[in-house]
Amino acid sequence: MVSDTDAKVSVIIPVYNGEKYLDNCIKSVADQTYENLEIIIIDDGSTDRTVDICEEWKEKDDRVRVLHKPNGGRGSARNAGLSMATGDYIHFVDADDWIEKDAIESLYKAMIKNNSDIVIGNMTSYNQSEKMYYFFIGDNDYYEKNYTPEEWFKNEYVYDEMLRQLFVVAWAKLYKRELFKNIFYTEKDHLTEDDPTTWKIYLLANKITYINYRITIHRMTDDHATTNDPSTKLFAMEPVAERIAFLKILGFDTSNEEEAYLARLHISMNNALKEHDLQKYNDAKQYMEILKKYHKD
């Protein structure tokens, strides 16, 4: 067990109407082997028992801090948590997920050992309705690898070991708090606050460490945002276009990003029709025609 004299970690839990799973989520954080935590729960205007659950935990664990705010979406909730954080490091947990008992200890040890700015762990995918794990990493699968930001960007679209999904999401990571000095999650869209933001945090790091270890148990439910929201939001073109433009300025290889942009363009066109979003369809079609003109292959 890591002693409570180690650096403080601020664990931020944004939640909106999370009464089903919030208690289990907070308990998994409170029971960590790494004890020097502040647990910041941002209630983003919930209308169910979330408010009561937050206050109950605040009463029984003096590490818990709670903010009740009007609904503004996950980006707004993450920003509120960051503004409250006093720890040396930041860790995000979504309210319908939970984390392994030694998750933060594992991330912290790798951070200190490798002198990293960000440590990225892996996930276990759990389907709630089927009560089944879809992806699981065993203890014998553990390894560590260090990357520069440029090297890490080459893994953004790798399917192996779930790196493709891990690249985008805010959770399963330990960040030096100072990286967020000038970084804010977008509050324009309630669903895709991480896609336009997480990559910018990577660019501020000097060293990124990946550990092939399960940190977050990612719960997939029938009412999960990524299950029910339109694919035009989930696979929006704008974040990829922004990355391409900025990475080009930095001199990074953007070939993977360009392939991703084309793939998202196809998805956007197909789903815009299904969602009866004529403006979105026409915008995507215009870009597609331009690309066809200049890319004959």
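The values are calculated or read from the model by the stated rules, or taken from the named source; none is laboratory data. Given the structure is predicted, the values throughout are model-derived calculations rather than measurements. FYI the Cβ positions are ideal-geometry reconstructions off the backbone, even for glycines, and counts take in every protein chain you see. The protein model used for the area step is the full one, side chains on, heavy atoms only, and it has no ligands, DNA or RNA in it. Shrake-Rupley method; radii C 1.70, N 1.55, O 1.52, S 1.80 Å.
Observations on the structure shown:
- Test: residue in region 74-86 that is modelled with pLDDT under 95, more than 14 Å from Leu174 (Cα to Cα) and touching a strand residue (DSSP E or B) at 6+ places or on another chain (Cβ under 6 Å): yes
- From the options Asp96, Asp102, Asp117, Asp88, residue that is touching a Gly at 6+ places or on another chain (Cβ under 7 Å) and either free of Cβ contacts under 8 Å to residues at least 40 places away in the same chain or not aromatic (Phe, Trp, Tyr) (or both): Asp96
- Filtering Asp48, Asp44, Asp62 for residues that are acidic (Asp, Glu) and either at positive phi or touching a helix residue (DSSP H, G or I) at 6+ places or on another chain (Cβ under 9 Å) (or both) leaves a single hit, Asp44.
- Residues of region 1-19 that are at pLDDT 95 or above, on the phi < 0 side of the Ramachandran plot and either open to solvent by 20 Å² or more (accessible area, probe 1.4 Å) or not β-branched (Val, Ile, Thr) (or both): Ala7, Lys8, Ser10, Pro14, Tyr16, Gly18, Glu19.
- The residues of region 49-92 that are under 27 Å from Pro196 (Cα atoms) and hydroxyl-bearing (Ser, Thr, Tyr), listed by number, are Ser76, Ser83, Thr86, Tyr89.
- Scanning region 47-71 for residues being more than 15 Å from Tyr21 (Cα to Cα), of a type in the set (D, E, K, R) and touching a residue at least 24 places away in the same chain (Cβ under 8 Å) gives a total of 4.
- Only one entry of Gly45, Gly81, Gly72 meets the criterion of being within 21 Å of Ala103 (Cβ to Cβ) and open to solvent by less than 80 Å² (accessible area, probe 1.4 Å), and that entry is Gly81.
- Scanning region 174-188 for residues that are outside any strand (DSSP E or B) and in contact with an Asp or Glu (Cβ under 9 Å, 6 or more places away or on another chain) turns up Arg177, Glu178, Leu179, Tyr185, Thr186, Glu187.
- Residue count for region 47-100 under the criterion of being of a type outside the set (Val, Ile, Thr) and outside any helix (DSSP H, G or I): the result is 25.
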